[in-house]
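The values are calculated or read from the model by the stated rules, or taken from the named source; none is laboratory data. Quick caveat: nothing in here was measured; it's all calculated off a predicted structure. Glycine also receives a Cβ, built like all others from the backbone with ideal geometry; neighbour counts cover every protein chain displayed. The area values use the complete protein model at the heavy-atom level, side chains included, leaving out ligands, DNA and RNA. Shrake-Rupley method; radii C 1.70, N 1.55, O 1.52, S 1.80 Å.
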Amino acid sequence: MANSKFEYVRNFEVVDKCLPNCWIVVRLDGKNFHRFSDDHEFVKPNDDRALDLMKKSAENVMNEFKDVVIAYGQSDEFSFVLKKTTTQFSRRASKLMSNMVSLFSSSFVYHWKDVFDHVPLLYPPAFDGRVVLYPSDQNLRDYLSWRQADCHINNLYNTCFWSLVQDAGCSPKDAEEKLKGSFSSDKNELLFSQFGINYNTLPEMHRKGSVLIWEMKDEITLQPQAKTSAVSDTNPAQREIIRQRRRVTCLHVDIIRDDFWNKHPEILSGT
């Protein structure tokens, strides 16, 4: 196609190519999800349906972007880590972010009816995104540790807050005042002494968030056997074929300590 006189406008486009040899993290966050969760009557402090829907949406992103080596999610956010050597979309930040955000958002809407059953989706949810580069493995681990620590802090507070509101009959304002300035030990003591809740026994998904990684899994398929005189056309014999395939696996584990990384060295090696 011949060049037109208008093609010069392409010179105004910014080439936002990510630096080489850096981990690329794309983090998605729900927009106004406090209001969204209230309008759709989410269970407080944690709605397992919503968390499962976030995981389903994140799995769709990983199955499309094979260079994502690990994803971490909690509440209304998910972080996707692309390997240092990825060349997807020529490492352009805007392309990576916009494609991941759009796929995640559409997946959230697409799977809504599978998870929330008869609860109608009142209006479209929205997610924003950002791209951050981390040059070293330790930088990346510290980032993921930060997000998991945030999950623990928020969940401990929310568990206390909603216990006070739902079980002790406090108003939201009174519950906020009661928790103001309290430490983790104070909150743990409040839960145990007043509500009989041992925080460490609560579901790990709520306390630690969701970690998505790739693992090799056995996949069984059936294949017809070669036809013999002993095998009829109406009832052909079949044999099981077991192959290993790379699948997304969801874990609810500690990713701050070394144990997880020692068990999954392939994540940082990018293999």
* Tally, over the range 241-256, of residues that are open to solvent by less than 40 Å² (accessible area, probe 1.4 Å), part of a loop (DSSP other than H, G, I, E, B) and of a type outside the set (A, V, I, L, M, F, W, C) -> 0
* In the set Lys217, Lys187, which member is touching a Cys at 6+ places or on another chain (Cβ under 7 Å), at negative phi and either at pLDDT 95 or above or surrounded by 10 or more Cβ atoms within 10 Å (Cβ to Cβ) (or both)? -> Lys187
* Check on Asn32, of a type in the set (S, T, N, Q) and surrounded by 10 or more Cβ atoms within 10 Å (Cβ to Cβ) -> yes
* For the range 47-56, state whether one or more residues are assigned to a loop (DSSP other than H, G, I, E, B), open to solvent by less than 50 Å² (accessible area, probe 1.4 Å), closer than 22 Å to Leu202 by Cβ and not hydrophobic (A, V, I, L, M, F, W, C). => yes
* **Only one of Val165, Val211 that is in contact with a strand residue (DSSP E or B) (Cβ under 9 Å, 6 or more places away or on another chain), modelled with pLDDT of 95 or more and aliphatic (A, V, I, L, M)** => Val211
* Asked: Of the residues that sit in the range 142-155 and are open to solvent by less than 70 Å² (accessible area, probe 1.4 Å) and of a type in the set (A, V, I, L, M, F, W, C), which one is farthest from Asp39 (Cα to Cα)?
  -> Leu144
* Asked: Which of the following residues is more than 30 Å from Gly270 (Cβ to Cβ), modelled with pLDDT of 90 or more and among the β-branched types (Val, Ile, Thr): Val25, Val9?
  -> Val9
* Asked: Any residue in the range 78-90 that is open to solvent by 50 Å² or more (accessible area, probe 1.4 Å), of a type in the set (D, E, K, R) and not in a helix (DSSP H, G or I)?
  -> no
* If you check Asp39 against the conditions, is it farther than 20 Å from Arg130 by Cα, open to solvent by less than 70 Å² (accessible area, probe 1.4 Å) and in contact (Cβ under 8 Å) with a residue 40 or more places away in the chain? -> yes
* To do: Just give me the residues in the range 92-141 being assigned to a helix (DSSP H, G or I), of a type in the set (Lys, Arg) and open to solvent by 50 Å² or more (accessible area, probe 1.4 Å), in sequence order.
  => Lys95, Lys113
* **Test for Asn155: is it touching a strand residue (DSSP E or B) at 6+ places or on another chain (Cβ under 9 Å), polar (S, T, N, Q), more than 26 Å from Leu190 (Cα to Cα) and part of a helix (DSSP H, G or I)** => no
* Look through the range 57-67, keep the residues that are touching a residue at least 60 places away in the same chain (Cβ under 8 Å) and either farther than 20 Å from Gly30 by Cβ or of a type in the set (A, V, I, L, M) (or both), and return whichever of them is surrounded by the most Cβ atoms within 10 Å (Cβ to Cβ). => Ala58
